[in-house]
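Comments concern the structure below.
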Amino acid sequence: MPELISAFNLSSNALSLLTSAVQFGFILGTLLFAFLKISDRYSPTQVFFLCAILGSIFNVSTVLEQHSLSSLILIRFLVGFSLAGIYPVGMKIASDHFEKGLGRSLGYLVGALVLGTAFPHLLKATSQIVHFDWNVVMISTSALALLGGLLLKILVPDGPFRKAQQSTDAGNFLSLFQNINFRNAAIGYFGHMWELYAFWAFVPLLLNIYNQIHPGSIANIPLYSFIIIGCGALACAISGILSEKFGVARVARTALILSGICCLLSPLLLIFASEAVFMIFLMFWGVMVIADSPLFSTLVARSAPAEGRGTALTLVNSMGYAITILSIQMVSISQQLLSQQYIFLVLAAGPLLGVLFFSNFRNTGR
């Protein structure tokens, strides 16, 4: 982003505008997809493929010359909008292929998301050895997005458990929340999302704060950020496997409780822990903060009618992502109001409320 801003002679506030454009594009896209029931009325594989093509085109168009701030904001918005047909639709595709073992399959899917989230930190950590220009990164990620869409189109047909929805009534999707299990699973997911993306966004800040309290302790912050976030990929796969033995709801609840405890312990560890202990703590937090994500998505999918799973997953994903914007802003505001070691306490509110509501989930099976 800083290189892009420099290349087009943009003002410093362009960073937040360009970042927010992707977020709002995703939120608006997922709301529209849910309202129109896109992934339930049409082939989700076709939707994924089309959105991968559009997203790659919009993304790579950033490298064209003569962009203004307005045109860049529009492009980033369209990239976020295209992502509405990738992640939630990918979960819909998985749910169409697995009636049993859905927790495990979504664990692998969300694990891939985690690796993708952590990858830029690894790229930054290695950029001191091999320089990556911003336009090379944009072209490369666009090519990978296109490749992903092509692989899915060629290798993954629509699932055997897919039930296409024929109804065009787009106004009743909020009736899903009348189902108590769906509502409680969704609220548990919202509590999880309050913490997740704020934690991911501020991992480098956590490490910087530790360095300020214990000068010179952590040298390569991008590399440690990649490790802390990336270890969550394995956690997603393991939580999916554990859910088959202990139950999806039980494993999800345990992970949510433990990640909330990490929020509460963060001030003590920032002040008193050695570097090794602090890194182990952050890796544990990185595991627990994401381990419940595929499991809540599993419970949302199972609690929705088969012909409306895509809409349910898309709607909950959209609302959850909107919550992340609020929590990120709350952490930013807390930086101005609290001592730096206490700013992550606000993240504990999500797991706390999530566990309180999710305790009413009626576990009807694994």
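Quick rundown of the values:
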quantity: Matching helices (runs of 4 or more DSSP H) fully within the range 1-89 where at least 1 residues are within 30 Å of F177 (Cβ to Cβ); calculated: 14-36, 38-41, 44-60, 69-83
quantity: Residue identified as of a type in the set (K, R) and surrounded by 24 or more Cβ atoms within 10 Å (Cβ to Cβ) among R309, R253, R302; calculated: R309
quantity: Some residue of the range 222-229 being hydrophobic (A, V, I, L, M, F, W, C), over 24 Å from E307 (Cα atoms) and free of Cβ contacts under 8 Å to residues at least 12 places away in the same chain; calculated: no
quantity: Failed condition for F81, given (1) surrounded by fewer than 21 Cβ atoms within 10 Å (Cβ to Cβ); (2) modelled with pLDDT of 90 or more; (3) more than 22 Å from P157 (Cβ to Cβ); calculated: (1)
quantity: Single residue of L326, L313, L352, L356 found to be over 29 Å from L32 (Cα atoms), in contact (Cβ under 8 Å) with a residue 12 or more places away in the chain and assigned to a helix (DSSP H, G or I); calculated: L352
quantity: Meets criteria (of a type outside the set (D, E), surrounded by fewer than 16 Cβ atoms within 10 Å (Cβ to Cβ) and either out of contact with any Gly (no Cβ under 6 Å at 6 or more places or on another chain) or in a helix (DSSP H, G or I) (or both)) for S217; calculated: yes
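The values are calculated or read from the model by the stated rules, or taken from the named source; none is laboratory data. Just so it is clear, the model here is predicted, and its values are computed rather than measured. Every residue, glycine as well, gets a Cβ built from its backbone with ideal geometry; the counts of neighbours run over all protein chains shown.
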